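Before any comments, here is the structure.
The values are calculated or read from the model by the stated rules, or taken from the named source; none is laboratory data. In this text the structure is predicted, and so the values were computed from the model without any measurement. Cβ: placed from backbone, ideal geometry, glycine included. Neighbour counts: every protein chain shown.
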Amino acid sequence: MVKSIFHLAFHVRDLELARDFYGRLLGCAEGRSTTTWVDFDFFGHQISLHLGEPFATSLTGRVGEHMVPMPHLGLILSLPDWQALAARLQQAGVEFVIAPQLRFAGQAGEQWTMFFCDPFGNPIEMKGFASLDTVFSA
């Protein structure tokens, strides 16, 4: 399979606030920018944040007993990286849609997950796996 990097562009209302959240809090390196957009290295992938009105979301995705925001952006991290990010977000007082927790314990696809929103309401899910080789296990 070809290795690739995804690119996703979406709206934010304030580039400086976006720089603080994605750059300072999440630790994403800033790339190119203009007065109307900014790129970030989002854990090895490219996101482009453009000035505008964020997309509408709703809690319509059922995962187990949880309703999750749809649509949402997400990433899968190694468990130690996920744990470090979860601790950083908790320490910063980020409000979670779904607090950091384990899902599918002892099953194929066991994962840690958390949902939170950026300052503009864009939902983000971060998953943590003990082994990235099990991401697609059924």
In the set ASP133, ASP118, the lone residue that is modelled with pLDDT under 95 and either within 26 Å of ALA56 (Cβ to Cβ) or among the acidic types (Asp, Glu) (or both) is ASP133
Restricted to segment 31-45 and to residues being in contact (Cβ under 8 Å) with a residue 12 or more places away in the chain and assigned to a strand (DSSP E or B), the residue surrounded by the fewest Cβ atoms within 10 Å (Cβ to Cβ) is GLY31
For HIS11, the lone unmet condition from (1) in contact (Cβ under 8 Å) with a residue 24 or more places away in the chain; (2) assigned by TED's automatic domain parsing to the domain that holds ARG103 is (2)
Of the residues in segment 96-116, those that are of a type in the set (A, V, I, L, M) and under 16 Å from ASP133 (Cβ atoms) come to ALA108
Going through segment 112-122 in order, the residues found to be more than 14 Å from LEU89 (Cα to Cα) and either in contact (Cβ under 8 Å) with a residue 60 or more places away in the chain or not assigned by TED's automatic domain parsing to the domain that holds LEU77 (or both) are PHE120, GLY121, ASN122
Counting only residues in segment 96-110 that are free of Cβ contacts under 8 Å to residues at least 24 places away in the same chain and in a strand (DSSP E or B), the one farthest from ALA18 (Cα to Cα) is identified as LEU102
How many residues of segment 59-95 are of a type in the set (A, V, I, L, M, F, W, C), under 12 Å from the mean Cα position of the chain (by Cα) and in a strand (DSSP E or B)? The answer is 4
Of those in segment 72-90 that are surrounded by 13 or more Cβ atoms within 10 Å (Cβ to Cβ) and without any contact (Cβ under 8 Å) to a residue 24 or more places away in the chain, the residue nearest to PHE129 (Cα to Cα) is ALA84
Would you confirm whether any residue within segment 46-60 is at pLDDT below 95, within 27 Å of THR134 (Cα to Cα) and surrounded by 15 or more Cβ atoms within 10 Å (Cβ to Cβ)?
no
Looking across segment 112-131 at residues that are outside any strand (DSSP E or B) and surrounded by 12 or more Cβ atoms within 10 Å (Cβ to Cβ), the single one that is farthest from the chain's Cα centre (by Cα) is ALA130
Quiz item: Can you find even one residue in segment 27-35 that is under 22 Å from LEU77 (Cβ atoms) and within 13 Å of the chain's Cα centre (by Cα)?
Solution: yes
field: MET1 being free of Cβ contacts under 8 Å to residues at least 40 places away in the same chain and in the same structural domain as PHE120 (by TED's automatic domain parsing)
entry: no
